[in-house]
Structure formats: structure tokens, C-alpha cells
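Enquirer: One structure is given below, represented as C-alpha cells, and several questions about it will come after.
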Amino acid sequence: MQQLHIFPLDYAEYVPDIVIVEDDPEKLMWIALAYLHATCGERIQSSTAILQATCVDATIIPFLSQRLNFVYGCYGCRDATDLGESEAVMGFPGSMLPEIIEHLKYLDNKAIPRSRSKGALSLLEGKDIEVKSC
């Protein structure tokens with residue numbers, strides 16, 4: 001017998017087969033970059049059908065291929081869920097969660113705050129910058 005067990009990650013009693021994250025694309029980008037670090041730079045190839053495909057794209061594709069998949073959402077989920085117009089979805093194997101967290105902590109030391117400070121843009125515009133930590 002096969003079962004589907006869906007729960008918030010905070011309440012996980014075991015490592016899930018797939019972790020699904022719904023958030024702003026910029027935040028998902030950092031998770032994808034941490035995944036990229038954890039897989040030694042292996043390029044991320046995303047697959048989506050857009051039309052009523054988010055559930056498959058964020059769960060089945062990561063489960064069968066054992067890799068991260070990033071999707072924009074779809075007509076069906078945008079109609080039937082609270083997915084915001086500025087949000088996207090990704091799914092990745094739960095076995096990758098510890099490595100992704102480790103690499104996110106590393107990125108949060110410098111890369112994330114530095115990128116969010118818009119330092120390069122400020123330099124191009126001739127402005128002073130201040131890098132803030134999260």
C-alpha cells in the first residue's frame with residue numbers, strides 16, 4: 001500500500017521524500033544556489049508544463065529524477081490555492097535538505113546580504129553602500 005503524507009516541514013517526524021517550497025523567486029534562487037553548491041555545481045534543469053502542472057512539477061519530477069525542480073506555478077494552482085502572483089514553487093529531494101541548509105548558512109554569511117545590498121548597482125550609480133547582515 002502506498003500513501004501520501006503531506007505536512008509542514010516544521011512538523012516532520014522523519015525526512016520527507018520531497019520538500020516543497022513556495023516563496024518569492026529571489027528566496028527560491030538562494031535555495032537553488034545552495035542546492036547547486038551541494039551538487040558541486042551541477043546545472044539545474046527545470047521542467048514544467050505550466051497548464052495544471054505545479055503539483056507534478058514540484059513533487060513527481062523531483063521524486064522520480066531525484067533533483068530539484070523549479071516552477072512558476074500553473075493555471076490550476078493559481079486558481080485553487082493562495083499562490084501569489086509574485087511567488088513561485090520548487091521541490092527537491094528531502095535527502096538534500098541538510099546540505100541545502102548548510103550551504104544556505106554559508107551563503108547567509110556574506111553572499112545573501114551583499115547581494116541584497118545592491119552594492120554593484122550602487123557603484124554603477126555612484127552611491128555609497130552599506131552591507132547589512134540578515
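What follows draws every value from the coordinates through simple rules; no lab data is involved. Fair warning: this is a prediction, and the values are worked out from it, not measured in the lab. With ideal geometry, Cβ positions are generated from the backbone for all residues, glycine too; neighbour counts draw on all protein chains shown.
Enquirer: Please compute one quarter of the surface area of the Cα convex hull for segment 35-77 and express it in square nanometres. Don't jump to the answer; show the numbers that get you there.
Expert: Numbers: hull surface 11.5 nm².
Over every viewing direction, the Cα hull of segment 35-77 projects on average to 2.9 nm².
Enquirer: Mind sorting Glu85, Glu125, Glu22 by how few other Cβ atoms lie within 10 Å of their own Cβ, fewest first? Write out the running numbers ahead of the final one.
Expert: Details: Glu85 6, Glu125 9, Glu22 19.
Fewest-to-most ranking of Glu85, Glu125, Glu22: Glu85, Glu125, Glu22.
Enquirer: Please give every one of the aspartates and glutamates within straight-line cross-link reach of Lys110, meaning a C-alpha to C-alpha distance under 19 Å, and leave out same-chain neighbours fewer than 8 residues apart.
Expert: By straight Cα distance, Lys110 reaches Glu26, Glu99, Glu102, Asp128, Glu130.
Enquirer: Would you mind checking the tilt of helix 25-38 against the longest principal axis of the Cα atoms of the chain, expressed as 0 to 90 degrees and rounded to 10?
Expert: Approximately 80 degrees, to the nearest 10.
Enquirer: Also, I was wondering about something else. Counting other beta carbons within 10 Å of each Cβ, put Met29, Met1, Met90 in order, fewest first.
Expert: Details: Met29 15, Met1 2, Met90 25.
The most exposed by this proxy come first: Met1, Met29, Met90.
Enquirer: Sort 67-73, 13-19, 3-9 by the packing proxy (mean of other Cβ within 10 Å over each peptide's residues), most packed first. Could you put the intermediate results ahead of the total?
Expert: Details: 67-73: 22.3, 13-19: 14.0, 3-9: 7.7.
The densest-packed peptide leads the list: 67-73, 13-19, 3-9.
Enquirer: Using the Kirkwood formula over every pair of different C-alpha atoms, what hydrodynamic radius in Å results for the chain? Numbers along the way, then the final one.
Expert: Values: mean 1/r = 0.0613 Å⁻¹.
For the chain, inverting the mean 1/r across all distinct Cα pairs yields 16.3 Å.
Enquirer: Also, I was wondering about something else. Each residue of segment 60-67 in order: what ³J(HN,Hα) in whole Hz does its phi give by Karplus 6.51 cos²θ - 1.76 cosθ + 1.60, θ = phi - 60°, with x for Gly and Pro?
Expert: Once rounded to whole Hz, the list reads 5, 4, x, 5, 6, 8, 6, 8.
Enquirer: For segment 13-84, what relative contact order do you get, as a whole percent, if you take Cα pairs closer than 8 Å and at least 6 residues apart? Walk me through the numbers on the way to the answer.
Expert: Details: 64 pairs, mean separation 20.3, N = 72.
Computed over segment 13-84, the figure is 28 percent.
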